[in-house]
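Worksheet: the structure to be examined is printed underneath.
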Amino acid sequence: MRILCPYCGERDAHEFSIRGEAPMTRPVVIGVPMAEAVAALHDRRNPPGRTREFWYHGAGCRSWLLVDRDLRTHEVFGATLASGAF
Amino acid sequence: MRYSALSLAWNAATGHRFWKPAWRDAEPKPAYDVVIVGGGGHGLATAFYLAKNHGVRRIAVVEKGWIGNGSVGRNTTIIRSNYLHPANTRFYEFSMKLWEGLEQALNYNVMVSQRSILNVFHSDAQRDAYARRGNAMRIAGVDAELLDTDGVRKRYPFFDFDNARFPIRGGLLQPRGGTVRHDAVAWGYARAASDLGVDIIQNAEVVGIDIQGGRAVAVETTRGRITADRIGISVAGHTSHVAAMAGLVLPIESHVIQAFVTEAVKPLISGVVTFGAGHFYISQSDKGGLVFGGDIDGYGSYAGRGNLPVAEDVAEGGMALMPAIGRLRILRNWGGVVDMTPDGSPFIDLTPVQNLYLNGGWNYGGFKATPAAGWTFAHLLATGQSHELAAAYRLDRHATGRVIDENGQGAQPNLH
């Protein structure tokens, strides 16, 4: 698996750490009912197809990225900086 | 028919021409009392215990491919009950006891081999942690023994005891741990369930769950619609997207875990062994191949295959523990899809949808749980109440704070 980092170009996935599925909107966990906060922290859509994930390029530019990837094929379609995405 | 020494001798003498299929490949009927989605080890065990323990008669197991095609046929066949947390110790020890009587219960040779499991440790701190776990096990009535270096050396003289980074200081042994022939577990449960009237329906993928007025009433499959009074989801690895058909979003990520088999060698590793300084576990199959695995790859995946960095990491763990295997060639490696949960523990619970029940989130440890998961999930489906041994495996435990985090990793599914 290789990820096209916006700063570093195409790099081996070995250089990155995954944080997991990115939510559609910025999660709100304060000032909302407990059930909503727990869901925002723990629930995952986990679709058998394309999804957006947070990856950290620890052995490269140290940026947090939003990676568009297919969970069925491991195909990576692209990555953008997570900063300012929400 | 029941298998016996007599039936084996008679069929051998007649050239094995008269064996009949072990179970019925059923056609779907329009309605059942209980429909179980997923014909893996857990689904088939659930069907068997529903029929046997609870007398439910109209049961269907619907499987998208063929039975035993998923995780029950892809795991590394290990059984053990060496857990620390009381909820897990109780559950997995019950599972171990069911394993011990399974061949008699099913009249099927599933090759339960209690060849022991040894968790090697490498430091004083790790010895303390393992001693604590062993003590917790013994308090709960589970067998556990703390071995020093000589104790480990007696069993496995070829380990790298004086490794510069990871010297071996001893190990925690569970003598009753071991391995089971995993495919036979699926076949044995299928045969026993089929004998009790359970319909096993293959090549029937569930593509929809019909919900009316907050109640699940039917599943739509590629072989037609099947109505049911109760529906159980038992599709670990694919729980998220099956549950999504009922509008549920669950705290589960699907991940890939890989396993490896080497070429066959003469008997070398008598039990199951785990390395303490990395994630590596190994046993030797009856055919002679070394069967081993390690960490999950760490990223979400439904692909059923992993990548080489983990293969390298697993091989490094093996070499640090037993350099003698370094010249063996790996014959095969494969991957399976597993449900990873925020605390590393499973769910056997009701769902917010009435008449829809969930057994899933087994992380990479579902195989050893097969009998107990089937037993307790059957209890839940039959009575609508959690079995006392599975009462802790609730869907809402992340909200109530009653998490069961065996490894103390925190709410990050891919770290368990």
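Descriptive notes on the structure:
- Just one of the numbered conditions (1) loosely packed, with under 13 Cβ neighbours inside 10 Å; (2) of a type in the set (D, E, K, R); (3) within 15 Å of the chain's Cα centre (by Cα) is not true of A:GLU10: (3).
- Scoring A:GLU36 on the criteria (1) within 11 Å of another protein chain (Cβ to nearest Cβ); (2) part of a strand (DSSP E or B); (3) without any contact (Cβ under 8 Å) to a residue 60 or more places away in the chain leaves a single failure, condition (2).
- Checking each residue in the range B:3-14 for being open to solvent by 50 Å² or more (accessible area, probe 1.4 Å) and small (Gly, Ala, Ser) picks out B:SER4, B:ALA5, B:ALA9, B:ALA12, B:ALA13.
- Considering residues of the range B:40-55 that are among the small types (Gly, Ala, Ser) and farther than 16 Å from B:ASN75 by Cβ only, the residue surrounded by the most Cβ atoms within 10 Å (Cβ to Cβ): B:ALA47
- Count of the range B:50-71 residues which are under 21 Å from B:SER285 (Cα atoms) and either of a type in the set (Phe, Trp, Tyr) or in a strand (DSSP E or B) (or both): 0
- Whichever residue in the range A:39-86 is in contact with an Asp or Glu (Cβ under 7 Å, 6 or more places away or on another chain) and open to solvent by 60 Å² or more (accessible area, probe 1.4 Å) and, among such residues, is nearest to the other protein chains (Cβ to nearest Cβ): A:ARG45
- Counting only strands (runs of 3 or more DSSP E) that fall entirely inside the range B:195-234 and contain at least 1 residues that are open to solvent by 30 Å² or more (accessible area, probe 1.4 Å) and at pLDDT 95 or above, the qualifying elements are B:206-212, B:215-221, B:224-233.
- Residue in the range B:293-302 that is open to solvent by 30 Å² or more (accessible area, probe 1.4 Å), under 24 Å from B:GLN174 (Cα atoms), in a loop (DSSP other than H, G, I, E, B) and of a type in the set (Asp, Glu) present: no
- Flag for B:VAL310 being open to solvent by less than 50 Å² (accessible area, probe 1.4 Å), in contact with a Gly (Cβ under 7 Å, 6 or more places away or on another chain) and either of a type in the set (Lys, Arg) or over 30 Å from B:VAL61 (Cβ atoms) (or both): yes
- Test: residue in the range B:336-352 that is within 30 Å of B:ASP210 (Cβ to Cβ), among the hydrophobic types (A, V, I, L, M, F, W, C) and more than 14 Å from chain A (Cβ to nearest Cβ): yes
- Of the set (1) more than 30 Å from B:GLY213 (Cβ to Cβ); (2) in a loop (DSSP other than H, G, I, E, B); (3) open to solvent by 20 Å² or more (accessible area, probe 1.4 Å), all apply to B:TRP362 but (3).
- When B:LEU290, B:LEU248 are screened for being modelled with pLDDT of 95 or more and within 21 Å of the chain's Cα centre (by Cα), only B:LEU290 passes.
- Checked against (1) surrounded by fewer than 17 Cβ atoms within 10 Å (Cβ to Cβ); (2) of a type in the set (Lys, Arg); (3) in contact with a Phe, Trp or Tyr (Cβ under 6 Å, 6 or more places away or on another chain), B:ARG138 passes all but condition (3).
- Selected residue [in contact with a His (Cβ under 7 Å, 6 or more places away or on another chain) and closer than 22 Å to B:ASN355 by Cα] from B:PRO251, B:PRO309: B:PRO251
- Qualifying residue in the range B:334-350 (condition: over 30 Å from A:ALA39 (Cα atoms) and either within 18 Å of the chain's Cα centre (by Cα) or surrounded by 24 or more Cβ atoms within 10 Å (Cβ to Cβ) (or both)): yes
- Of all the residues in the range B:72-107, those that are out of contact with any Leu (no Cβ under 8 Å at 6 or more places or on another chain) and either part of a loop (DSSP other than H, G, I, E, B) or not aliphatic (A, V, I, L, M) (or both) number 23.
- Which listed residue, of B:ALA243, B:ALA144, is crowded, with 19+ Cβ neighbours inside 10 Å, within 14 Å of chain A (Cβ to nearest Cβ) and not hydroxyl-bearing (Ser, Thr, Tyr): B:ALA243
- Against the numbered list (1) at pLDDT 95 or above; (2) open to solvent by 60 Å² or more (accessible area, probe 1.4 Å); (3) more than 13 Å from chain A (Cβ to nearest Cβ), B:GLY317 comes up short only at (2).
- For the range B:386-416, a tally of residues being within 14 Å of another protein chain (Cβ to nearest Cβ) and among the small types (Gly, Ala, Ser) returns 4.
- Positions within the range A:16-32 being open to solvent by 40 Å² or more (accessible area, probe 1.4 Å) and either touching a His at 6+ places or on another chain (Cβ under 7 Å) or at the interface with chain B (Cβ under 10 Å from one of its Cβ atoms) (or both), in sequence order: A:SER17, A:ARG19, A:GLU21
- The set of residues in the range B:308-328 that are outside any helix (DSSP H, G or I) and out of contact with any Phe, Trp or Tyr (no Cβ under 9 Å at 6 or more places or on another chain) contains only B:LEU328.
The values are calculated or read from the model by the stated rules, or taken from the named source; none is laboratory data. Keep in mind it's a predicted model, so treat the numbers as computed, not measured. For neighbour counting, all protein chains shown are included, and Cβ atoms are generated from backbone atoms with ideal geometry for every residue, glycine included. Please note that ligands, DNA and RNA were not included when accessible areas were found on the heavy atoms of the full protein model with its side chains. Shrake-Rupley method; radii C 1.70, N 1.55, O 1.52, S 1.80 Å.
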